């Protein structure tokens, strides 16, 4: 096993304990497992720079080269989610990053892969570039265990022999569209994803993933990943869907169309962008960001590149509304600010109020004008529906929470 020469960043695990996996519901054909919150304790000084670079790499990633698609730097995330996944027979538990912005599932970043009775080496090499990080190795077929009832036979997984820019987990559980795997494996056009194979092997009744996050500032900050459906018990509204966008390059990912308003003022006209568990903040086109900054009166902190506001400005902050498929999803003033309880952990000014809206780094009209990251997704349940080519959202108990 090769380990990167760079010093790995330390991480603080905020949610510990055994992973809970629900049994498969025979009525609904779905099952869930708990996902845990991790915080990168290195600090937020380069968060915007690194996330903006990641978005640029997603935007400009080629879908017809041999290096794989869905590029991002996995080591520079401030908040990320992991799940415990079993690999092999007997299975070995591995901590995998939950990511909707990439689709290859792979292991071996922190613990060696050992072939078992179910392991088959395809003889094909695999490599995927993640911004300034990457992995390469061999593609194997093996048994992947998500829960006791969700066991995938002959799932194609990457086994890393070289890893760069990965820390805090053993690999990635890729939940993006299958076309992001194109040309990542030698002699293979596309690699069926975990969700593809669950559906093909009739382990789930529909090719749907439901994701629920709890704000990282709360004591119970774990989340839930549902395969084959979603969990109504944590919702306070129905799921409302919007078709996947046809506008490229956002169409290569879980891309949608939306507009954004601050109070009664339009900040971003209807355009395409992505919904992404791998992004911490909410990024919008530069012209929209400038409008938002002007309307809020916020000041750009030169050290972190985050917007800051005073207590008086926070008291006057208005709702930021995302219009998606004709439905309004409002971020309350509290939902627009970084969790103040995490300021000290992240090396931020403990008395400052930071906003989670940021500049994507280029003007609108590119076909990739926003990224609704964790700061949005922690407030709304998200449903990724491959079967019907759509994304859905629902309100939860956290939608109007004042936890920040």
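Report, ordered by the first and then the second residue, all pairs with beta carbons closer than 8 Å, sequence separation of six or more or different chains, a first member in region 339-364 that is within 27 Å of residue 58 (Cα to Cα), and a second member that is modelled with pLDDT under 95 and part of a strand (DSSP E or B).
As it stands, the answer is 346/39, since those pairs meet every condition given.
Does region 165-183 contain at least one residue that is touching a strand residue (DSSP E or B) at 6+ places or on another chain (Cβ under 7 Å), surrounded by fewer than 22 Cβ atoms within 10 Å (Cβ to Cβ), more than 18 Å from residue 95 (Cα to Cα) and modelled with pLDDT of 95 or more?
No - not one qualifying residue is present in region 165-183.
Given the criterion more than 25 Å from residue 31 (Cβ to Cβ), within 20 Å of the chain's Cα centre (by Cα) and outside any strand (DSSP E or B), identify the matching residue among 101, 168, 176.
On the way: 101 fails: more than 25 Å from residue 31 (Cβ to Cβ); 176 fails: more than 25 Å from residue 31 (Cβ to Cβ).
When all the criteria are applied, what remains is 168.
For region 286-297, check the following and say yes or no: at least one residue is surrounded by 15 or more Cβ atoms within 10 Å (Cβ to Cβ), assigned to a loop (DSSP other than H, G, I, E, B) and assigned by TED's automatic domain parsing to the domain that holds residue 243.
There is no residue in region 286-297 that is surrounded by 15 or more Cβ atoms within 10 Å (Cβ to Cβ), assigned to a loop (DSSP other than H, G, I, E, B) and assigned by TED's automatic domain parsing to the domain that holds residue 243.
Quick check on residue 115: is it closer than 21 Å to residue 38 by Cα and in the same structural domain as residue 184 (by TED's automatic domain parsing)? Can you show your working first?
Numbers: closer than 21 Å to residue 38 by Cα: no; in the same structural domain as residue 184 (by TED's automatic domain parsing): yes.
The answer is no for residue 115.
Let me spell it out: the conditions are (1) more than 20 Å from the chain's Cα centre (by Cα); (2) crowded, with 20+ Cβ neighbours inside 10 Å; (3) not assigned by TED's automatic domain parsing to the domain that holds residue 129, and residue 204 meets all of them except one. Which number is the exception?
(3)
Only one of these conditions is not met by residue 305: (1) at positive phi; (2) surrounded by fewer than 16 Cβ atoms within 10 Å (Cβ to Cβ). Which number is it?
Here residue 305 clears every test but (2).
Condition test on residue 131, is it at positive phi, in contact with a helix residue (DSSP H, G or I) (Cβ under 8 Å, 6 or more places away or on another chain) and at pLDDT below 95? Write out each step before concluding.
Details: at positive phi: yes; in contact with a helix residue (DSSP H, G or I) (Cβ under 8 Å, 6 or more places away or on another chain): yes; at pLDDT below 95: yes.
Yes, satisfied.
Scan region 148-164 residue by residue and report those that are modelled with pLDDT under 95 and either within 22 Å of the chain's Cα centre (by Cα) or closer than 20 Å to residue 228 by Cβ (or both).
Correct list: 148, 149, 150, 163, 164.
Within region 263-277, does at least one residue satisfy the condition of being at pLDDT below 95, under 30 Å from residue 148 (Cα atoms) and either touching a strand residue (DSSP E or B) at 6+ places or on another chain (Cβ under 6 Å) or part of a loop (DSSP other than H, G, I, E, B) (or both)?
Looking for residues that are at pLDDT below 95, under 30 Å from residue 148 (Cα atoms) and either touching a strand residue (DSSP E or B) at 6+ places or on another chain (Cβ under 6 Å) or part of a loop (DSSP other than H, G, I, E, B) (or both), one finds at least one in region 263-277, hence yes.
So is residue 85 part of a strand (DSSP E or B), more than 30 Å from residue 304 (Cα to Cα) and at pLDDT 95 or above or not? I'd like the intermediate steps shown before the answer.
On the way: part of a strand (DSSP E or B): yes; more than 30 Å from residue 304 (Cα to Cα): yes; at pLDDT 95 or above: yes.
Taking the combined requirement at face value, the residue satisfies it.
Test of understanding: among 266, 246, 236, 308, which residue is farther than 30 Å from residue 152 by Cα, out of contact with any helix residue (DSSP H, G or I) (no Cβ under 7 Å at 6 or more places or on another chain) and in contact (Cβ under 8 Å) with a residue 60 or more places away in the chain? It would help to see each step written out before you state the result.
Numbers: 266 fails: in contact (Cβ under 8 Å) with a residue 60 or more places away in the chain; 246 fails: in contact (Cβ under 8 Å) with a residue 60 or more places away in the chain; 308 fails: in contact (Cβ under 8 Å) with a residue 60 or more places away in the chain.
None of the others qualify; the one that does is 236.
The values are calculated or read from the model by the stated rules, or taken from the named source; none is laboratory data. From a predicted model like this one, the values you see are computed outputs, not experimental measurements. Positions of Cβ are generated from backbone atoms using ideal geometry, with glycine treated the same way; all protein chains shown enter the neighbour counts.
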